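Quick notes on the structure that follows.
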Amino acid sequence: MLNQQTLNKLYELKLTGMAEAFADQLNQPDMDRLSFAERFGLIVDRQWTWKENNRMDRYLKNAKLKLNACVEDIDYKTPRGIDQSVFMSLISCDWVRRQHNIILTGPTGSGKTFLACALANKACREGYRAFYIRSPKFSYQMALSRGDGSYGKTINKLAKAHVLVIDDLGLAPMTDSERRDLLEVVEERHGHASTIVTSQLPVDLWHEQIGDPTIA
């Protein structure tokens with residue numbers, strides 16, 4: 001009866017990992033051979049793992065990644081212009097810690113979105129918040145937020161993500177409001193967060209596509 005009360009209290013305290021570990025220990029007679037400190041250490045480890053897994057699952061869900069891509073599934077054999085040594089260094093997520101940015105360019109079907117989602121997925125697994133959005137939807141949401149008065153809130157949301165993925169930038173020439181919205185988000189994130197941008201256009205054509213030379 002006492003053990004059940006303990007379990008109930010652990011669940012009420014939202015210590016699910018500890019509750020499950022305690023229940024498992026009750027069903028394993030060999031656990032009596034361990035000291036109290038050893039058994040308690042195992043219970044605490046289980047709670048920590050449960051909490052970290054929950055956080056990772058929440059971050060991955062909130063990231064809204066277009067593809068369920070993982071860095072472990074990247075194919076380096078297919079010739080797509082990927083420098084494996086460079087990409088292996090990115091997998092460490094040191095670029096996120098340093099607030100660096102990544103630009104992925106290439107033709108349709110070259111795997112830019114997959115690579116961007118894989119890097120964002122790895123960032124989530126390392127404890128960073130990420131958010132994915134396609135460039136056309138980015139422009140639409142910014143225009144919508146300007147109309148309903150939530151512009152500042154939307155900017156803050158995009159600024160808080162440790163890793164922001166803007167996919168397919170430059171599909172069409174930008175309007176004045178679109179390029180200013182992009183500038184606002186980039187400025188808010190500069191120096192304290194990382195951004196991944198994918199585009200079919202080579203970088204040397206971005207000025208023309210963005211339009212305004214100062215903003216570009």
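On a per residue basis, segment 1-62 carries 77 Å² of accessible surface, using protein heavy atoms and a 1.4 Å probe.
Only Cα sites of segment 1-62 enter the Debye sum here, all with the same form factor; the resulting log10 I(q)/I(0) across q = 0.16, 0.23 1/Å is -0.56, -0.95, listed in q order. Computed on the Cα atoms alone, the convex hull of the chain gives a volume of 171 cubic angstrom per residue. The charge dipole of segment 73-210, taken about its Cα centre with unit charges on the Cβ of Lys, Arg, Asp and Glu (plus for the first two, minus for the last two), comes to roughly 460 debye. Compactness of segment 33-121 was expressed as the Cα radius of gyration divided by 2.2 N^0.38 Å, which yields 1.52.
Between the residues 15, 152, 117, the greatest Cα displacement towards the positive end of the dipole of the chain, with unit charges on the Cβ of Lys, Arg, Asp and Glu, is found for 15. Each residue was assigned an accessible area with a 1.4 Å probe, and for residue 134 the value is about 80 Å². Given their separation in residues at 0.36 nm each and the Cα-Cα distance between them, residue 83 and residue 212 gain 43.2 nm when the chain is fully extended.
Apolar share of the accessible surface for the chain: 54 percent from carbon plus sulfur atoms, 1.4 Å probe.
The values are calculated or read from the model by the stated rules, or taken from the named source; none is laboratory data. What you are looking at is a predicted structure, and each value in this text was computed from that prediction instead of being measured. With ideal geometry, Cβ positions are generated from the backbone for all residues, glycine too; neighbour counts draw on all protein chains shown. Heads up: the accessible areas ignore ligands, DNA and RNA and are worked out on the full protein's heavy atoms, side chains in. Shrake-Rupley method; radii C 1.70, N 1.55, O 1.52, S 1.80 Å.
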